[in-house]
Amino acid sequence: MKHPIRRPLAVSNLVTSALALFLALGASSTASRAELVVVSTGPVAGLVQLPADRPVSAAQGFWNPNQDDPCVTPEQHAEIAAYLAANVADLKARGLLPEAPDKAAGVLLQWPVQAAPGLDDPGVHGISNYVDENLAYPNQLRDYNCGTRTYDNASAYNHAGTDIFSWPFSWYRMDHDQVQIVAAAPGVIIGKYDGNYDRRCSGSGLLWNAVYVQHADGSVAWYGHLKKLSLTAKNVGDPVAVGEFLGIMGSSGNSSGPHLHLEIYDNAGHLVDPWMGACNTMNPDGWWAAQRPYYDSAINALRTHSIAPVFPACPNTESINENRYFAPGALAFFSTYYRDQRQGQLSTYEILRPNGTVWQQWTGSLGVPHYAASWWYWSWYLPVDAETGTWTFRVSYEGQTVTRTFGVGVVADAPPPAADDVTVLHVAEPNPFNPSTTIRFHLGAAGPAKLSVHDLQGRRVATLCDGELPAGEQSVVWNGRGVDGALMGSGVYLVHLRSGGRELVQRVVLLK
Ligand SMILES: [Zn+2]
């Protein structure tokens, strides 16, 4: 196990000699075990064109897949398979699953990870590992594209799923329920585990929180590592629609950081690699409705900060230190967060004044082959006579242009409110509460909506509203009473809002 590292780091001779940058690398390294990611350090930057003015500081960091521990141990795999087989038999007996699946039904998978409503970043994920097609081991790696973005280990484990991680601020986003796992295809829930610890930093040997969905053709998807107590209120036997909320991305089970392990089996119980490519020898066709590129290079997010963001050792939540308003003369940090950044890809960074003219412009590129996730920042003191108003940080990369505005001198540009067509469950007030709390939500569209309260065992204790509602702001008070009118005991309760095919969940605490 390595420990967090903080040290000045030269990005390149060009930069150090020309600009004498102090590169405090705000990264840390974490797990030496398990499958996912560590923040690490290395001299990797290449500036193509220098900024107009010398920045105060600059830094760069990256996450790299860490590959040595099974997502699901063979023992866990056997336990899960037996559990699912028993459930399927029971569901068939109860008429909740057909006796024989329609093997010709065919399944196309939609992307199973999405931002929660209100998070408007262009991306929230990266991929750390694909299925290992080479069943020899150890270090006999071959992904569907004939690359090595997968892992195995000496005890015969070959990675059997696709690992999709959250980036950036994965712990913060887990804490705030910002990255959702949704059903990749419609089906019936045939298994569900919850209640397991969700801040793992290494292989735990303990089970994950997961939802298992059987599709019409009899194939099954495993959605693993979910956040504790975040799972859909639906139960085994209930149908789910494609895109329906299943849970929040977490780090339960054998995991070194928040990510989804998606594992697929066909109707004969054979492992499926859903990715179509020259080295997929498991199945002749891809299963994605629209397959993403092997290197899916993109900007996930831009941020402006008052001080540099901090990525502490796993499993501590990041300090984002975001700031959207600066006084003239203030120090401001400009960060770009990438997935699948590759060597030589050019980024153009610009800081624009309110009138659209360029205050700073520079370009940069990566000096090593590839990072699954990376981030860069530069900082400046804004001019003491800076024009007041709305400034823009703009980055162009691989045909994508992303902007993030910030105010200087005046609070001129509040962060945009949630778009009117997005459904949002606001923070309950007060929380914790006694004897009552007000739950506000915004419906993006008119239609059926259900707001219910559940205990930690998933039992519904109250239905606060259930019916057709207009679009817009709604407000409901929960008086802490159950369906029979009795006061509920102290404890944590989960408020579920279901509307428009989405389910939002929030914790409230009743304190007596
Ligand atoms: Zn995995």
Projecting each Cα onto the charge dipole of the chain (Lys/Arg +1, Asp/Glu -1 at the beta carbon, about the Cα centre), which of 367, 430, 465 comes out farthest on the positive side?
430
Please give every one of the lysines within straight-line cross-link reach of residue 450, meaning a C-alpha to C-alpha distance under 20 Å, and leave out same-chain neighbours fewer than 8 residues apart.
234
Value of [θ]222 nm, deg cm²/dmol, for the chain, DSSP H segments ≥ 4, -39500 (n - 2.57) each, nearest 500
-2000 deg cm²/dmol
Under 16 Å Cα-Cα from residue 92, which aspartates and glutamates qualify once same-chain neighbours fewer than 8 residues away are excluded?
102, 217, 238
Can you compute the charge dipole magnitude of segment 424-510 about its Cα centre, using +1 on each Lys and Arg Cβ and -1 on each Asp and Glu Cβ, nothing else charged? Give it in debye, rounded to the nearest 20.
160
Step through the residues of segment 99-104 one at a time and calculate ³J(HN,Hα) from phi using the Karplus curve (6.51 cos²θ - 1.76 cosθ + 1.60, θ = phi - 60°), rounding each to whole Hz and writing x for Gly and Pro.
4, 10, x, 7, 5, 8
How would you rank 390-401, 212-223, highest first, on the average number of other Cβ atoms within 10 Å across their residues?
212-223, 390-401
Here the cysteines of the chain lacking a cysteine partner under 4.7 Å (Cβ to Cβ) are 71, 465
If Rh is defined by the Kirkwood formula over all Cα pairs and Rg also comes from Cα, what ratio Rg/Rh do you get for segment 194-264?
0.98
If I stretch the segment between residue 475 and residue 57 completely, what's the gain in nm (0.36 nm per residue apart, minus their alpha carbon distance), one decimal?
145.9 nm
Give the relative contact order (percent, whole number) for segment 74-272; include only Cα pairs under 8 Å separated by 6+ residues.
23
What span do the alpha-carbon atoms of segment 74-272 cover on each of the three principal axes, reported in whole Å from largest to smallest?
44, 43, 29
Measuring from label point to label point, each 7 Å out along Cα→Cβ, what is the residue 468 to residue 353 span in nm?
5.5
Collect residues whose amide H, placed 1.01 Å from N in the peptide plane, falls under 5 Å from the amide H of residue 142; neighbours closer than 5 in sequence don't count.
133, 134
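If R0 is 25 Å, what FRET efficiency do you get for residue 154 and residue 197 from their C-beta distance, rounded to 0.05?
Efficiency, rounded to the nearest 0.05: 0.45.
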GluC sites (Glu not before Pro), restricted to segment 58-118: which are DSSP loop and have at most 10 other Cβ atoms within 10 Å?
99
With the 8 Å Cα cutoff and a minimum separation of six or more residues, the chain has a relative contact order in percent of 14
Calculate the FRET efficiency for residue 89 and residue 271 from the Cβ-Cβ distance with a Förster distance of 22 Å, rounded to the nearest 0.05.
0.55
Relative contact order for segment 424-510, counting Cα pairs under 8 Å that sit 6 or more residues apart, in percent
33
Between segment 485-500 and segment 315-345, what's the alpha-carbon centroid distance in Å?
37
Could you work out how much longer the chain between residue 368 and residue 279 gets when fully extended? Use 0.36 nm per residue separation minus the Cα distance between them, nm to one decimal.
29.5 nm
Starting from the eigenvalues of the Cα gyration tensor, five times each then square-rooted, give me the equivalent ellipsoid semi-axes of segment 287-337, largest first, whole Å.
31, 17, 8
Kirkwood Rh and Cα-based Rg: tell me the resulting Rg over Rh for the chain, rounded to two decimals.
0.99
In the chain, taking the dipole from +1 charges on Lys and Arg beta carbons and -1 charges on Asp and Glu beta carbons about the Cα centre, the listed residue (320, 291, 63) farthest towards the positive end is 320
Which lysines have a Cα less than 17 Å from the Cα of residue 228, not counting those fewer than 8 places away in the same chain?
192
With N residues in segment 233-391, Rg(alpha-carbon) / (2.2 N^0.38 Å) equals 1.44
When you take every Cα atom in segment 424-510, what is the radius of gyration, and what is Dmax, the widest Cα pair distance, in Å?
12.2, 35
Using a 7 Å offset from the Cα along the Cα-to-Cβ direction at both residue 445 and residue 345, what is the distance between the two label points in nm, to one decimal?
3.2
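A short reminder: the numbers here are calculations on the coordinates, not readings from a lab. The shown structure was predicted, so the numbers you read here are calculated from the model rather than taken from an experiment. Ideal geometry is used to build each Cβ from the backbone, glycine not excepted, and the neighbour counts take in all protein chains shown.
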